[in-house]
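K.L.:
Let me give you the structure first, and then I'll get to my questions.
The values are calculated or read from the model by the stated rules, or taken from the named source; none is laboratory data. In this text the structure is predicted, and so the values were computed from the model without any measurement. Please note: Cβ atoms are built from the backbone with ideal geometry, for glycine as well, and neighbour counts cover all protein chains shown. Areas reflect the complete protein model, heavy atoms only, side chains present, ligands, DNA and RNA absent. Shrake-Rupley method; radii C 1.70, N 1.55, O 1.52, S 1.80 Å.
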Amino acid sequence: MSKQDYYETLGIDRSASDKEVKQAYRRLAMKYHPDRNENSKEAESRFKEIQEAYNILSNEQKRSLYDQFGHAGISQETGGAGPASGFGDIFGDIFGDIFGGTTGGGSRQARGTDLEYQITLTLEEAVSGVEKQIRLPKNLVCQECNGSGARAGTQPETCETCGGHGQIRIQQGFFSVQRTCPDCHGKGTVIKDPCPACHGAGMVRKDKTLSIKIPAGVDTGDRIRLAGEGDIGRPGSQPGDLYVQIKLTKHSIFERDGDDLYCEIPVGFVTLALGGEIQIPTLEGRANLKIPSESQSEKVFRLRGKGVRNVRNGAQGNLHCKVVVETPVNLNDEQKQLLRKFEESLNKGGDSHNPKSRSWSDRIKSFFDEIVS
Ligand SMILES: [Zn+2]
Ligand SMILES: [Zn+2]
């Protein structure tokens, strides 16, 4: 089945009137007619496309189906799909069904399209797992006609043009060529009295609410497949799958990298100098962290097992806490005095109190020595 856009093929607007459709068709058909383009394969295939497009767009019912459902609405494929792919429980094999990033689709039988839906989660939701309701528009079997497309009480009738075969034979020069029947598009049946609810498509587009269980540990870029929750191509065909794409919002405290979490904790320089215990946030609540004396700013403490549990193998990540010195502000005169006194006292000890400055000035010194020598 060709995937041409019929409006593009005819070079017209989606709002084009019947007259404009006809005019565009005449103009293009004249241009690409095989009689005028002998031995041009390109013109020949263009001519066929133009005919196909005109065939659909010149017919009010077909055009409306095409506008609503695209090629699926007028599909001529026979849906010879096998049984459902064995996911009785949509989360029967959740770990096998989570994909990091994109995956190869594998071979697809004639069936409906896969749908994608992006869901946004907080870090807490992603880490502990959550059940979410989503609403998405889907092609559903029309309840009025049970998918037949024919007005309730009537039936689709055998196509007279092809006698129900869906194919016709045309004589072309010496050859007899088999073609898809232009009247029933291969279905073998035609609808004389279309169902008013679905205009003969046998399906309608409606919002459907789904409940999705998100397993604990998912991350941005993960996909969850819900087998059979995609679109049906046409009534009776096997539906495609729904892929739920996970996206995490930014967290106010934690940054995540895989199973590990990172955070920065401001700590006063007195605590860093003398050591002490501080409270730090974790995903489960608060935890105590012992700061050894003489800790420098930017020191990273690792808390084993306080990260995220891996969604695939259950391994537990770590939490990395970086302590950052906090400069005191809004000091009163007394505090300023104390700090000045404190600094004087430090200066008496020379560089021995300042390990970083010491190594820094050593490096500066040897740098100049090298330049001088
Ligand atoms: Zn037919
Ligand atoms: Zn219907």
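K.L.:
Residue pairs, Cβ under 7 Å, 6 or more apart or interchain, first in the range 178-195 and more than 14 Å from G147 (Cα to Cα), second among the aliphatic types (A, V, I, L, M) and more than 16 Å from ligand 2 (Cβ to nearest atom). List them.
P.N.:
Taking only residues 6 or more apart or on different chains, the pairs are R179/I168; R179/I170; C181/I168.
K.L.:
Pull up the range 241-250, narrow it to residues that are of a type outside the set (A, V, I, L, M, F, W, C) and surrounded by 20 or more Cβ atoms within 10 Å (Cβ to Cβ), then point me to the one that is nearest to A201 (Cα to Cα).
P.N.:
D241
Matching residues to (1) at pLDDT below 90; (2) loosely packed, with under 14 Cβ neighbours inside 10 Å; (3) more than 16 Å from ligand 2 (Cβ to nearest atom):
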site	(1), (2), (3)
H185	yes, no, yes
P194	no, no, no
S211	no, yes, yes
R225	no, no, yes
D231	yes, no, yes
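K.L.:
Next up: Would you check if there is a residue in the range 106-123 being modelled with pLDDT of 85 or more, within 16 Å of ligand 2 (Cβ to nearest atom) and not in a strand (DSSP E or B)?
P.N.:
no
K.L.:
Let me ask something additional. Is it the case, given these coordinates, that E344 is more than 35 Å from the chain's Cα centre (by Cα), touching a residue at least 40 places away in the same chain (Cβ under 8 Å) and either surrounded by 12 or more Cβ atoms within 10 Å (Cβ to Cβ) or more than 20 Å from E255 (Cα to Cα) (or both)?
P.N.:
In short, no.
K.L.:
Report, by residue number, each residue of the range 148-160 that is more than 18 Å from I56 (Cα to Cα), within 13 Å of ligand 1 (Cβ to nearest atom) and surrounded by 13 or more Cβ atoms within 10 Å (Cβ to Cβ).
P.N.:
Once the filter is applied, which keeps residues that are more than 18 Å from I56 (Cα to Cα), within 13 Å of ligand 1 (Cβ to nearest atom) and surrounded by 13 or more Cβ atoms within 10 Å (Cβ to Cβ), the range 148-160 yields P156, E157, T158.
K.L.:
Residues G173, G217, G163, G200: which one is more than 16 Å from ligand 2 (Cβ to nearest atom) and open to solvent by less than 40 Å² (accessible area, probe 1.4 Å)?
P.N.:
The unique qualifying residue is G217.
K.L.:
Return the residue satisfying two criteria in turn: it lies in the range 216-232 and is acidic (D, E) and assigned to a loop (DSSP other than H, G, I, E, B), and of such residues it is farthest from L248 (Cα to Cα).
P.N.:
Once the filter is applied, the top-ranked residue is D231.
K.L.:
Anything in the range 124-145 that is open to solvent by 10 Å² or more (accessible area, probe 1.4 Å), within 21 Å of P215 (Cα to Cα) and not in a strand (DSSP E or B)? List them, or say none.
P.N.:
Selection gives E124, E125, V127, S128, G129.
K.L.:
Just to verify a result, which residue in the range 178-204, among those that are of a type in the set (V, I, T) and either more than 16 Å from ligand 1 (Cβ to nearest atom) or assigned to a loop (DSSP other than H, G, I, E, B) (or both), is nearest to G70 (Cα to Cα)?
P.N.:
Applying the filter and picking the extreme gives V204.
K.L.:
Go through (1) more than 8 Å from ligand 1 (Cβ to nearest atom); (2) modelled with pLDDT of 90 or more; (3) not basic (K, R) one by one and return the number of the condition I170 breaks.
P.N.:
Among (1) more than 8 Å from ligand 1 (Cβ to nearest atom); (2) modelled with pLDDT of 90 or more; (3) not basic (K, R), I170 violates only (2).
K.L.:
Further question on the same structure: If you take the residues in the range 1-39 that are in a loop (DSSP other than H, G, I, E, B) and modelled with pLDDT of 85 or more, which one is surrounded by the fewest Cβ atoms within 10 Å (Cβ to Cβ)?
P.N.:
Going through the qualifying residues, I end up with S15.
K.L.:
Out of the strands (runs of 3 or more DSSP E) lying entirely within the range 283-333, which hold 2 or more residues that are open to solvent by 30 Å² or more (accessible area, probe 1.4 Å) and in contact with a helix residue (DSSP H, G or I) (Cβ under 9 Å, 6 or more places away or on another chain)?
P.N.:
Of the strands (runs of 3 or more DSSP E) lying wholly inside the range 283-333, those with at least 2 residues that are open to solvent by 30 Å² or more (accessible area, probe 1.4 Å) and in contact with a helix residue (DSSP H, G or I) (Cβ under 9 Å, 6 or more places away or on another chain) span 319-326.
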